[in-house]
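The values are calculated or read from the model by the stated rules, or taken from the named source; none is laboratory data. Values in this document were obtained by computation on a predicted structure and should not be read as measured data. Counting neighbours? That spans all protein chains shown, and the Cβs are built from the backbone with ideal geometry, glycine included. For the accessible areas, the whole protein counts, side chains as well, though only heavy atoms, and no ligand, DNA or RNA atoms are used. Shrake-Rupley method; radii C 1.70, N 1.55, O 1.52, S 1.80 Å.
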Amino acid sequence: MTPSDVKATLSFSDGSPSMELPLYKGSIGPDVIDIRKLYAQTGKFTYDPGFLSTASCNSTITYIDGDKGELLYRGYPIEQLATQCDFLETCYLLLKGELPNAEQRTDFTKLVTNHTMVNEQMQFFLRGFRRDAHPMAVMTGLVGALSAFYHDSTDITNPQHREISAIRLIAKMPTLVAMAYKYGIGQPFIYPKNSLSYSANFMRMMFATPCEEYEPDDVLVRAIDRIFILHADHEQNASTSTVRLCGSSGTNPFAAIAAGVACLWGPAHGGANEAALNMLKDIQRQGGVEKIGEFIKQVKDKNSNVKLMGFGHRVYKNYDPRAKLMRETCHEVLQATGLHDDPLFKLAMALEKIALEDDYFVSRKLYPNVDFYSGIVQSALGIPVSLFTAIFALARTVGWIAQLNEMIGDPEYKIGRPRQLFVGSVARNVKPIGER
Ligand code: SDX
């Protein structure tokens with residue numbers, strides 16, 4: 001980061017000593033005001049719940065411009081990666097900072113492929129869950145449990161340990177997600193098949209049975225691969241910040257990623273794709289397109305607590321570039337599956353059109369985000385709604401790892417420990433119970 005020649009001066013109206021704060025410039029995006037010495041010099045904290053104005057770190061991985069609707073992974077626009085690369089190339093890029101050449105791509109693919117199996121003991125964790133357990137409850141448990149099997153790679157300060165646990169996590173997430181799905185429907189687990197690509201292998205583990213050969217459909221495999229690319233990383237979002245904070249204590253990578261899985265589950269974050277599809281199904285049940293007006297009225301009524309799931313974003317105050325790509329993928333998959341008249345997709349496009357013309361949403365800069373269409377695509381791929389966020393976690397694992405490794409690799413990093421504005425009771429004495 002480059003020191004700016006602009007300085008910020010903080011002064012107080014009560015005559016307390018003012019303070020000069022240095023500014024730093026990034027390669028693109030907003031400058032930052034360095035407040036690291038603020039408390040030591042003024043005895044005051046900054047106050048920013050939700051971190052709307054706070055940069056928690058400096059990073060070289062993902063850049064988002066919310067006004068332009070721009071998303072870059074290591075400088076490459078998401079539109080180019082999603083159409084010209086596959087997910088494993090994107091993983092290589094996020095982890096190492098450059099796209100692989102042909103030889104590097106082959107080696108990386110082989111490395112990941114050879115780590116797709118999980119320890120046979122993992123099955124016994126699954127057996128402990130009810131069959132109808134939510135897949136994200138299962139995934140939170142399974143990912144954390146991985147740390148019980150790899151004592152040879154849990155020292156996060158050891159670069160070799162970080163490298164092998166990154167490969168193991170990227171390689172095993174599809175196997176674990178497919179196992180969570182199979183367990184829920186009472187079908188036998190399908191082992192990975194090394195002759196298949198990463199995404200074709202995932203589709204086979206999800207939909208094959210021991211009773212017959214399963215031929216992955218190239219269009220559907222390409223679609224799920226693109227879904228993985230679009231969800232791979234996204235700057236310092238809630239789950240990534242969780243992984244960084246968790247990892248800053250020095251815990252092992254599997255535990256830190258499990259914390260990210262738990263955070264992603266929330267409906268305001270990764271759980272929004274499941275919530276968006278359920279919202280569309282509810283509108284459909286109540287009468288479809290004719291009922292959109294009534295639904296929008298509910299959303300505008302603050303007391304209803306109804307949100308337009310799949311709309312709005314803390315950073316994108318313009319269209320989420322991933323939503324555009326997801327909508328295109330939607331068209332392709334619905335055509336390929338013969339579901340082009342899918343009423344939910346038509347309903348989604350009608351809802352999007354109405355919302356984009358309604359001042360309530362326009363004035364609040366509420367546009368469709370990545371989650372609005374991803375549920376429809378996944379449904380068309382045969383993926384159950386309850387598994388959508390687990391798929392998101394599968395894809396986001398590489399981003400979490402890249403961000404975690406960047407933090408651990410930063411010589412300046414230390415354990416994250418925010419402070420607070422205390423507004424509770426000042427010191428008081430305990431009274432004997434008879435006097436309370
Ligand atoms: C993801 O951070 C990331 O990068 C996340 C993510 C990633 O890749 O990691 O992009 C993935 O999580 C995408 C977001 C998925 N969530 C949803 O689709 C859930 C619905 N969206 C909202 O919960 C909300 O938009 C958030 C949480 C996404 C963003 O909320 P903000 O930025 O804190 O905005 P806000 O809650 O302060 O809302 C501003 C106004 C409010 O109205 P007023 O009080 O000003 O009158 O907009 C309203 C909100 O009530 N609003 C919505 C709305 N989202 C915000 N009103 C209706 N429907 C919505 N979806």
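When the Kirkwood hydrodynamic radius is evaluated over all pairs of different C-alpha atoms of the stretch 2-55, what value in angstrom, to one decimal, is obtained?
Mean inverse Cα-Cα distance, inverted, gives 12.5 Å.
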With θ taken as phi - 60° and the coefficients 6.51, -1.76 and 1.60, list the Karplus ³J(HN,Hα) couplings across the stretch 351-358 in order, rounded to whole Hz; mark glycine and proline as x. 5, 4, 4, 4, 5, 6, 9, 8
Folded to 0 to 90 degrees: helix 102-113 orientation relative to the chain principal axis, Cα: 80
Spherically averaged projected area in nm², based on the convex hull that wraps the Cα atoms of the stretch 98-243: 10.2
Share, in percent, of DSSP beta bridges within the chain that are antiparallel, nearest 5: 95
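So which of Lys25/Lys353; Lys25/Lys172; Lys302/Lys353; Lys291/Lys365 end up more than 29 Å apart, counting from Cα to Cα?
Those over the limit are Lys25/Lys353; Lys25/Lys172.
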Neighbour cut-off at most 16 other Cβ (10 Å), DSSP loop, trypsin sites (Lys or Arg not before Pro), the stretch 169-242: Lys193
Given the options Gln80, Gln236, Gln378, state which has the largest fluctuation in a GNM of the chain using a 10 Å cut-off (strictly under) for Cα springs. Gln80
Please build a GNM for the chain, connecting alpha carbons under 10 Å apart, and tell me which residue among Ser165, Ser304, Ser153 fluctuates the most. Ser304
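Using only alpha carbons, build the gyration tensor for the stretch 27-136 and give me the equivalent ellipsoid semi-axes, biggest first, whole Å.
For the stretch 27-136, the semi-axes come out at 36, 26, 15 Å.
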Ser4 long-range amide H proximity, modeled H, under 5 Å: Leu23, Tyr24, Lys25
Cα point-scatterer Debye curve for the stretch 255-314, base-10 log of I(q)/I(0) at q = 0.15, 0.19, 0.21 Å⁻¹: -0.53, -0.75, -0.85
Of Pro30, Pro17, Pro267, the most mobile residue in a GNM of the chain (C-alpha springs, cutoff 10 Å) is Pro17
What per residue convex hull volume, in Å³, do the alpha-carbon atoms of the stretch 252-394 yield? 119
Rounded to the nearest Å, what's the spacing between the alpha carbon centres of the stretch 97-174 and the stretch 387-436? Just the number, please. 24
Please turn the phi angles of the stretch 186-197 into ³J(HN,Hα) values with the Karplus equation 6.51 cos²θ - 1.76 cosθ + 1.60 (θ = phi - 60°), one per residue in order, whole Hz, x for glycine and proline. x, 9, x, 5, 10, 6, x, 10, 5, 7, 9, 5
Across the stretch 240-245, in residue order, what do the Karplus-derived ³J(HN,Hα) couplings come to in whole Hz, using 6.51 cos²θ - 1.76 cosθ + 1.60 with θ = phi - 60° and x for Gly and Pro? 5, 5, 5, 4, 5, 5
For the chain, just list the percent of Cα-Cα distances falling in each 20 Å bin from zero outward, please. 23, 53, 21, 2, 0
Which of the GluC sites (Glu not before Pro) found in the stretch 78-144 are loop residues per DSSP with 12 or fewer other Cβ atoms within 10 Å of their Cβ? Glu98, Glu120
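Which whole-number percentage describes the relative contact order of the stretch 2-55, with Cα contacts under 8 Å and a sequence gap of 6 or more?
25 percent.
Roll a 1.4 Å probe over the protein chains and send me the accessible area per residue for the chain in Å².
50
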Are there chymotrypsin sites (Phe, Trp or Tyr not before Pro) in the stretch 1-45 that DSSP puts in a loop and that have at most 16 other Cβ atoms within 10 Å, and which ones? Phe12, Phe45
Roughly how far apart, in whole Å, are the Cα centres of the stretch 266-324 and the stretch 3-81? 31
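Taking only C-alpha pairs under 8 Å that are 6+ residues apart, what is the relative contact order of the stretch 58-411 in percent?
25
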Could you check how much of the accessible area of the chain is carbon and sulfur, as a whole percent, using a 1.4 Å probe? 53
